[in-house]
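The values are calculated or read from the model by the stated rules, or taken from the named source; none is laboratory data. Quick caveat: nothing in here was measured; it's all calculated off a predicted structure. Neighbour counts run over all protein chains shown; Cβ positions are idealised from the backbone, glycine included. We work out accessible area using only protein heavy atoms, side chains counted, and drop any ligands, DNA or RNA first. Shrake-Rupley method; radii C 1.70, N 1.55, O 1.52, S 1.80 Å.
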Amino acid sequence: MAYLELNNICKTYGQGAVKTEVLSNINLKIEEGEFVAIVGFTGSGKTTLVNLINGLLAPTIGTILFKGEPVVDTSYERGVIFQNYSFLPWLTVEQNVYMAFKEGFPKSSKSDLKTIVSDYVDMVSLTLAIHTRHTK
């Protein structure tokens, strides 16, 4: 069983005369530990493919399996690293990270989430900046 499997993935936007096929018949198997890069020209469907894999979009046709289970929604196990940073500059580092973990672990207590946030901020060596906001 592949770690991530895309079977006959097609994605279209619009309907009828304005229907645009963005992806067609994409088949891919990625094993655990494999490193895969998606490259292509602007407008070739890279972002659409990544959004399908992480559950932000659903395929028009086909199935996506992660660890043998269908991808039907987002999950903390599948993430995206954006080309441009994506954070809320009016929030502190801690608040930005807290918001992400709160969505990923909605049943966790505030205390547990604060501990998780602290651990992860420390892991990427941002502890000294935990209470700062982005300024230009």
At a 1.4 Å probe, what is the % contribution of carbon and sulfur to the accessible area of the chain? 56 percent
Where the only charges are on Cβ atoms (+1 Lys, Arg; -1 Asp, Glu), what is the dipole of the chain about its Cα centre, to the nearest 20 debye? 500 debye
Sorted by chain and then number, the residues having a modelled amide H within less than 5 Å of the amide H of TYR3, at least 5 places away or on another chain, are ILE30, GLU31, GLU32
Mind checking the per residue accessible area of the range 1-128 for me, 1.4 Å probe, whole number of Å²? 73 Å²
As a test of the formula, what do you get for the chain when each DSSP H run with n ≥ 4 contributes -39,500 (n - 2.57) and the sum is divided by the residue count, at 222 nm and rounded to the nearest 500 deg cm²/dmol? -7500 deg cm²/dmol
Measuring from label point to label point, each 7 Å out along Cα→Cβ, what is the GLU77 to THR42 span in nm? 3.6 nm
